[in-house]
Amino acid sequence: MSAALEEFCGSIFWNDSYLARPDADLPVCFQQTVLVWVPLGFFWILAPWQLLPMCKSKAKKSSVTKLYIIKQMLAALLVVTAVAELALAFVEDTEQDTVPAVKYTNPSLYIATWLLVLLVHEARRFCLRRDSGVLFCFWILSLLCGILPFQSLVRRALQEPISDLPRFILFFISYGLQLLIFLVSGFSDVAPETKEIRKKNPEVTASFLSSITFEWYSSVVFKGYRKPLEIEDVWELKDKDRTQALCTAFEKNMKTAIQKAQAELEKRKRKKRHQKGDPDHGNNMTKAQSQDILVLEEKQPKKKKKGDKGDSGPPEDYARGWLMKTLGKTFRQNLMLAVAFKLVYDALVFVSPQLLKLLIAFVSDEEAFAWQGYLYAILLFLAAVVQSICLQQHFSLCFQLGINVRASLIAAIYKKSLTMSNATRKESTVGETVNLMSADAQRFMDMANFVHQLWSSPLQIILSIVFLWAELGASVLAGIAVMVLLIPINAFLVAKAKTIQVRNMKNKDERMKIMTEILNGIKILKLFAWEPSFEKRVNDIRAHELKDLLKFSYLQSISVFVFTCAPFLVSLASFAVYVMVDENNILDAQKAFTAISLFNVLRFPMAMLPMVLSSLVQTNVSTARLERYLSGENLDTSAIQHNPIPGNAVRFSEATFSWEQDGSAAIRDVTLDITPGSLVAVVGAVGSGKSSLVSAMLGEMENIKGHINIQGSLAYVPQQAWIQNATLKDNILFGSELDEARYQQVLKACALLPDLKLLPAGDQTEIGEKGINLSGGQKQRVSLARAVYSNADIYVLDDPLSAVDAHVGKYLFKHVLGPKGLLQKKTRILVTHSISFLPQVDNIVVMAAGAVTEHGSYSNLLANKGAFAQFLNLYGRQEEDVSEKNNTAVGLAGDEEQSDEDLEPCVEEGPEDVVTMTLKREASIHRRQLSRSLSKRSTSSWKKAQEEPRKKVKGQQLIEKEAVETGRVKFSMYMQYLRAVGLCYSFWIAMGYVAEYAAYVGTNLWLSAWTDDAQRYLNQTYPTEQRDLRIAVFGVLGVSQAVFLLFATMLSARGATRASRVLHRQLLSNILHVPMSFFDTTPIGRIVNRFAKDIFTVDETIPTSFRTWLSCFMGIISTLITICLATPYFALIIIPLSIFYYFVLRFYISTSRQLRRLDSVTRSPIYSHFGETVSGLSVIRAYEHQERFMQHNETIMDINQKSVYSWIISNRWLAIRLEFVGSLVVFFSALLAVISKSTLAGGIVGLSVSSALSVTQTLNWLVRTSSELETNIVAVERVHEYMKVENEAPWVTGKRPPRGWPSKGEIQFIDYKVRYRPELDLVLQGITCNIGSTEKVGVVGRTGAGKSSLTNCLFRMLEAAGGKILIDEVDIATIGLHDLRKNLTIIPQDPVLFTGTLRMNLDPFDQYSDEEVWKALELAHLKTYVQDHPEGLLHLVSEGGENLSVGQRQLVCLARALLRKAKILILDEATAAVDLETDHLIQTTIRSEFSDCTVLTIAHRLHTIMDSNRVMVLQAGQIVEFDSPEELLQKQGIFSMMAKDAGITSTESTAL
């Protein structure tokens, strides 16, 4: 081979003697062949791929730029130099005989290469990124290989005259041009047409150099340093990273995977049946039956349901094992690339110890040439730099994988929630589903970051062992034995941790569920003074959680201990055995420090492996939860058909539907035809199946038999209006195009114009979560307006008139629903309780017990003398007489209704008219999760709009933007946390770490001294006592290191748990003490986020961050001390490096922190939008707007994704710069060792360079943990922010009311004034009146007159702005809130129940005996219902009380009041949600049971108060009339007007 090459060059190819001298050089032939062909070969192999873009037909060519022209000119000049060189060879050939072949081939190769470069430049014009990475690498290679001929030419020219001048000149010209091209290709080449794209995201056009160093990101970092970043400053995502693109790919793979998994599931089920072997064991159930078992199991107490998730029988089985496969398939490309980078990195990791070995040999060898030392130093540096570039690219890919996995999962969960069947939906509450989105998807994200460690760690461990064997021979086995022993210990710890983790997830779910309920029902808790009972419930769960957390932390610290010991024990065992086995084995510096470097390499994979395994364990828990959720059944709408049947809009054919598969049918054998354009009323008692009929039409129920045929599009108005957190206009348009004329027409017909005048920004007013700043009636009308605007063919109206005042109801009926209304041409199906409209409908369907008992027109039904006719005779007489003549008056009333515009913007406070505002029995199940999110706060709505800061003139925005703290986290936050840990604890933890690192430095210095023995006892026998001393001290130091660490981590586990307990307790107790107004302006999601995400951070992330930070910090200090001990000059280099380090750090931390804050702020909308979607599912499905909601979800996901992505890149930007600092540390420590070679022993050089090699990693970790700590401490800041919120008055004060107060129940208002907030107008403008003992007073007034404000004042939900209220001579402002609230009783408008037993709902403090509770239930007409349940009083109430009908919930509230039996009862028109008969029962009960109490009734329907002793009429916050109803009727004042509207002429004419 070499002979052929020598002939080819005409000179010697290789001779070792060239290198064995101080001025070494390479032979010319070697330079002309190998050094030229290596770069060219690399380029020719990879260049064809670079030309592919030219071949694509669709690709468009971007225009020419200056940079492009410069590159092409330089490349052309290179062609010219190559041609010149070739010409030169021809010229020489003619002049002398033979020219060696190499002088022809090389220029020819170069000509071809440079032409190819021109082509590649051209081809890149078809791509967005116009720089080619291959070319860039080629230039680097070419320049590096060119350095050697470059220096030998220069050296030769200096020694003797130049022999071949033309070639000499051409070589330098060519080298210079290559250098220029290389420099030019460092800049990003951006075509004018991609300028826009670049503004959005410079990454896509960045040059190769800019990409590998993340230079394109610098502008964000500087911007972030100058001012806090806003979301607008963050770059957009690349198209392939957008949620939609990810989701599409994921869905495609998911479908096929789930199908396979379900086939497996069927197989498993069949196998199980076979094993049972006996066919009538009942395990050959139909799928439906086994589903039923599932449902039954779900119904049993929660304890059982979740007790044994993993291993229970078939009912708990689900399609499993598909999620990981799907993810792997979706993100294959990313995974492969990451593997490639990681492999290069892993290989390079092992190059450094070998170089270190050579360096130590060089220092120990007197004879060695200086150039060798410099070469090793440079190689160490280069290895470090390439290593760092590969690692950063690898991490960048891993973290992108992480966020993309999270995005795909969240999008899939969201999509699933839109199509999920009721059975699946019941399995998990909103809280649990949101947890899937937050906690579980987050787990996957964390896992993805380190997933490659699963193969890389074992690989690194194996390689280390191979190299160690080469150093220490068989004695390495001792070290390996130690490792193998540690594996089972670790396995045990992981298994133990898993059980704790699973248990804790349940505690967390449970705690979050209660928290969500507390926040949703906070108004009730306050009115009944029940906060302490619920606080205790949450704290009990939290105590369990913390107990587990402490166990988990202990396990963690033991495993940290084991793993700190590991590398040390391994080296101790190996060295000891090595020295003991054979007299001649002497530990010298080369062996020891190469081994130590390798052990250091070992340390990382060995520490990572258990972390990754435990993370895998957690991900497994999450995988199970996600697989169960995502493979759940979808809604089956096959029973809803859309066949054209002439003359028929909706046809029910023997329709039988139930709420649960194989549950009892909620509607039975309904056969009905509804003609197009007719108005059909559906009537019946509470629980007769009216709402179920509607739900069946919408396809929300399980079909048992029969079907429903619907022609045309649907619009649906639910019983409880579902309002989005958007502007009023958006709520009405609901995604349709705006048609101004129709929009105005709809507003007028739905009586919304007067409301718009009252709202701060008209129809641009932002409506809070769940429509919080609208009254019940306004919400209902907006919901109706949405339906009317949608212009559908069929209108399904589930009792929309229930929540509005009577006259508004009539107005709506006339202008919208009735025969002359806007919808007269449409098919309308109206569920109603209101009798007055029945004569005007085309057809009436009467329901009872889920079946249609009779249907026909009004007159037919009356003539039939059936149940309906009796019902009418009983309740309908008076209504009928007046309904006609009042129709005219209503139009007026509707407009005049809000003449007093300066009042609170609330158009009605609530229901009016004998109708149902909330849900019936089935409807309530039907929206399993609806009412939890339809917070029971509609009544507190008025506060809201008033709370608008008047500065923003419009008051458009209601929910304040989440406060994003900016700037550095205050030092006080760290102190806050450390104080929570306990300062004494903190001090000893720190001391533990200091001691550990002192021992660490000691161990290393001792080892260095030990290795120098090899020189000292050269050619002598090594004394055994010396040997034993060395081993013993080494061992003691090592063990003490681990013991100190164990001490520190154990302490920090205790401290951290203590901090978690303290912070959570303070947060909870403060949240329960804040006034109502806080809950009205803060979305629940935001408060929940504090309890979920932030408390999780305080529990689990911060302690780990603190620990890691401490050990990194100590590690760096100890390394620097070691290096300075070896080469004191290094101290000089530390200074500039640390300055650079500090600046990078400051720039980065301010950016990174802000990005993390943006992440948490942009994350909240994802969850609140999800919660909103789940609560409005039936509406979204009815209007078929699933697509639009999914798109909205994608948009907000992308906003969050881009802030996270930006954060990831900022980490890489930082890491690559810091690792460069690390590489410099290595380079300088090696270089100084080479320079001061003569004065140093091998041991100390080994120590200093091996420490330097490990410092890079630590430097990186230090910044990462500092920034992570700063980011995580934000959680303490956020928790603290809610610990400082202004509290309401104290619950109990020094002044206690007398026992048995109020005994008489007299109430005196003395010039009482109140406003919602200091800067707003008065709502009650000085009220003075006396209410005598046991007097019954009705309070009436148009909407916004201040009726509800009155109750809020009595309970001090609002504090007085002037005047006072006396109850039995006691000024209520002077006593504690609980003393006041416990002694008054209210039956609120919205019946709110909590999860727990029925008994807990009536009497959370267990103050009453069971007899008393049964008595109350009997009076509330619930006794029979409760006795029917086997558990009796312990009957479990589901979330939001959804397993009771609304009427029953209202009766439970009545039972609460009966149980308290306070002297003063306030009735906030509770009867709205009840049909006439129940209403009758309630009224009678109140009259008989509360006859000796003072009763204030806030009436929306005048019937209920016609028998009061007196009626108070409010207007604009003042009392305008106050007298007995008889007097007022004759007085022709406001009251008599209202009475006329309601059709009441005298007090006797009311049936109620």
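The values are calculated or read from the model by the stated rules, or taken from the named source; none is laboratory data. All values derive from a computational prediction rather than experimental measurement. Methodologically, a virtual Cβ is constructed for each residue, glycine included, from the backbone with ideal geometry; neighbour enumeration extends over all protein chains shown. When the accessible area is computed, the model is the full protein with side chains, heavy atoms only, and any ligands, DNA or RNA have been set aside. Shrake-Rupley method; radii C 1.70, N 1.55, O 1.52, S 1.80 Å.
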With the first residue restricted to region 1512-1524 and required to be closer than 17 Å to H1500 by Cα, and the second required to be among the aromatic types (F, W, Y), Cβ contacts under 8 Å at 6 or more apart or on different chains are M1512/F1522; V1513/F1522; V1513/F1535; E1521/F1535
Would you check if there is a residue in region 131-148 being of a type in the set (S, T, N, Q), without any contact (Cβ under 8 Å) to a residue 40 or more places away in the chain and either surrounded by fewer than 15 Cβ atoms within 10 Å (Cβ to Cβ) or out of contact with any Leu (no Cβ under 7 Å at 6 or more places or on another chain) (or both)? no
Can you say whether S152 is within 21 Å of L209 (Cβ to Cβ) and surrounded by 15 or more Cβ atoms within 10 Å (Cβ to Cβ), as far as the supplied structure shows? no
Filtering region 1292-1315 down to residues that are open to solvent by less than 30 Å² (accessible area, probe 1.4 Å) and touching a Leu at 6+ places or on another chain (Cβ under 7 Å) yields Y1312, V1314
Residue satisfying condition, being within 25 Å of S553 (Cα to Cα), among the charged types (D, E, K, R) and in a helix (DSSP H, G or I), within set E517, E510: E510
Please tell me if S664 is modelled with pLDDT under 85, buried (at least 22 other Cβ atoms within 10 Å of the Cβ) and closer than 30 Å to V1446 by Cα. no
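Among the residues of region 1120-1128, is any open to solvent by less than 20 Å² (accessible area, probe 1.4 Å), in a helix (DSSP H, G or I), polar (S, T, N, Q) and under 30 Å from S1008 (Cα atoms)? Explain how you work it out, then say what you get.
Initial filter on region 1120-1128 (open to solvent by less than 20 Å² (accessible area, probe 1.4 Å)): 1122-1123, 1126-1127.
Now narrow it down to the ones that are in a helix (DSSP H, G or I): 1122-1123, 1126.
From what is left, the residues that are polar (S, T, N, Q) are 1122.
With under 30 Å from S1008 (Cα atoms) added as a condition, the list becomes 1122.
Scanning region 1120-1128 turns up at least one residue that is open to solvent by less than 20 Å² (accessible area, probe 1.4 Å), in a helix (DSSP H, G or I), polar (S, T, N, Q) and under 30 Å from S1008 (Cα atoms).
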Exactly one of F1079, F1091, F1113 is open to solvent by 40 Å² or more (accessible area, probe 1.4 Å) and either within 26 Å of the chain's Cα centre (by Cα) or farther than 30 Å from R537 by Cβ (or both), and that residue is F1113
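Any chance you could count how many residues in region 576-614 are outside any loop (DSSP other than H, G, I, E, B) and open to solvent by 30 Å² or more (accessible area, probe 1.4 Å)? It would help to see each step written out before you state the result.
Taking region 576-614 and keeping what is outside any loop (DSSP other than H, G, I, E, B), we get 576-581, 589-614.
Now restrict to residues that are open to solvent by 30 Å² or more (accessible area, probe 1.4 Å): 577, 580-581, 590-591, 600, 603-604, 607, 609, 611, 613-614.
Final tally of qualifying residues: 13.
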Go through (1) over 60 Å from the mean Cα position of the chain (by Cα); (2) free of Cβ contacts under 8 Å to residues at least 40 places away in the same chain; (3) crowded, with 17+ Cβ neighbours inside 10 Å and name the single condition Y175 misses. (1)
Run down I1199, I1180, I1209 and say which single residue is part of a helix (DSSP H, G or I), within 30 Å of N791 (Cβ to Cβ) and of a type in the set (A, V, I, L, M, F, W, C). I1180
Is it fair to say S219 is closer than 27 Å to S62 by Cα and open to solvent by 40 Å² or more (accessible area, probe 1.4 Å)? yes
Given the structure, is T1395 open to solvent by 20 Å² or more (accessible area, probe 1.4 Å), within 41 Å of the chain's Cα centre (by Cα) and either touching a residue at least 12 places away in the same chain (Cβ under 8 Å) or over 25 Å from L1481 (Cα atoms) (or both)? yes
Within region 751-808, tally of residues that are assigned to a helix (DSSP H, G or I), open to solvent by 10 Å² or more (accessible area, probe 1.4 Å) and of a type in the set (D, E): 2
Show the residue pairs meeting these rules: Cβ distance below 6 Å; 6+ apart or different chains; first residue within region 841-859 and part of a loop (DSSP other than H, G, I, E, B); second residue surrounded by 22 or more Cβ atoms within 10 Å (Cβ to Cβ). V841/L679; V841/A681; D842/L679; G850/A666; G850/I667; G850/G689
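So that you can scan it fast, the table gives a plain yes or no per residue for (1) surrounded by fewer than 21 Cβ atoms within 10 Å (Cβ to Cβ); (2) out of contact with any Gly (no Cβ under 8 Å at 6 or more places or on another chain):
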| site | (1), (2) |
| --- | --- |
| K1237 | yes, no |
| L1240 | yes, yes |
| V1245 | no, yes |
| S1248 | no, yes |
| L1253 | no, yes |
| N1260 | no, no |
| R1264 | yes, yes |
| R1278 | no, yes |
Is it the case that T433 is surrounded by 21 or more Cβ atoms within 10 Å (Cβ to Cβ), among the hydroxyl-bearing types (S, T, Y), at pLDDT below 90 and over 14 Å from T623 (Cβ atoms)? yes
Matching residues, region 705-750, being surrounded by fewer than 20 Cβ atoms within 10 Å (Cβ to Cβ), in contact (Cβ under 8 Å) with a residue 24 or more places away in the chain and farther than 18 Å from H1192 by Cβ: K705, G706, H707, N709, Q711, G712, S713, R742, Y743, Q745, K748
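Return the residue satisfying two criteria in turn: it lies in region 1499-1549 and is among the hydroxyl-bearing types (S, T, Y) and surrounded by fewer than 20 Cβ atoms within 10 Å (Cβ to Cβ), and of such residues it is modelled with the lowest pLDDT.
S1549
Residue by residue, here is whether (1) open to solvent by 20 Å² or more (accessible area, probe 1.4 Å); (2) over 30 Å from the mean Cα position of the chain (by Cα); (3) aromatic (F, W, Y) holds:
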{"position": "L348", "(1), (2), (3)": "yes, yes, no"}
{"position": "Q354", "(1), (2), (3)": "yes, yes, no"}
{"position": "E366", "(1), (2), (3)": "yes, yes, no"}
{"position": "G373", "(1), (2), (3)": "no, yes, no"}
{"position": "V385", "(1), (2), (3)": "yes, yes, no"}
{"position": "H394", "(1), (2), (3)": "no, no, no"}
{"position": "N404", "(1), (2), (3)": "no, no, no"}
{"position": "L409", "(1), (2), (3)": "no, no, no"}
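Would you check if R443 is in contact (Cβ under 8 Å) with a residue 40 or more places away in the chain, open to solvent by 20 Å² or more (accessible area, probe 1.4 Å) and out of contact with any Pro (no Cβ under 7 Å at 6 or more places or on another chain)? Let's see the steps before the verdict.
Numbers: in contact (Cβ under 8 Å) with a residue 40 or more places away in the chain: yes; open to solvent by 20 Å² or more (accessible area, probe 1.4 Å): yes; out of contact with any Pro (no Cβ under 7 Å at 6 or more places or on another chain): yes.
Answer is yes for this residue.
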Counting residues that are under 59 Å from the mean Cα position of the chain (by Cα) and under 25 Å from L143 (Cα atoms), which helices (runs of 4 or more DSSP H) fully inside region 1-96 reach at least 2? 28-50, 66-95
Testing E654 on (1) in a loop (DSSP other than H, G, I, E, B); (2) on the phi > 0 side of the Ramachandran plot, one condition comes back false. Which one is that? (1)
Is it the case that region 1259-1276 has a residue that's at pLDDT below 85 and not in a helix (DSSP H, G or I)? no
Matching residues in region 1321-1358 - criterion: being in a loop (DSSP other than H, G, I, E, B), open to solvent by 10 Å² or more (accessible area, probe 1.4 Å) and in contact with a Gly (Cβ under 6 Å, 6 or more places away or on another chain): S1333
For the structure I just gave you, tell me whether S1248 is assigned to a helix (DSSP H, G or I) and farther than 30 Å from I389 by Cα. no
Can you tell me how many residues within region 1013-1039 are more than 57 Å from the chain's Cα centre (by Cα), within 15 Å of G1243 (Cα to Cα) and surrounded by 15 or more Cβ atoms within 10 Å (Cβ to Cβ)? 2
I'm trying to understand the selection: among the residues of region 86-121, which are closer than 23 Å to V184 by Cβ and surrounded by 18 or more Cβ atoms within 10 Å (Cβ to Cβ)? Y110, I111, T113, W114, L116, V117, V120, H121
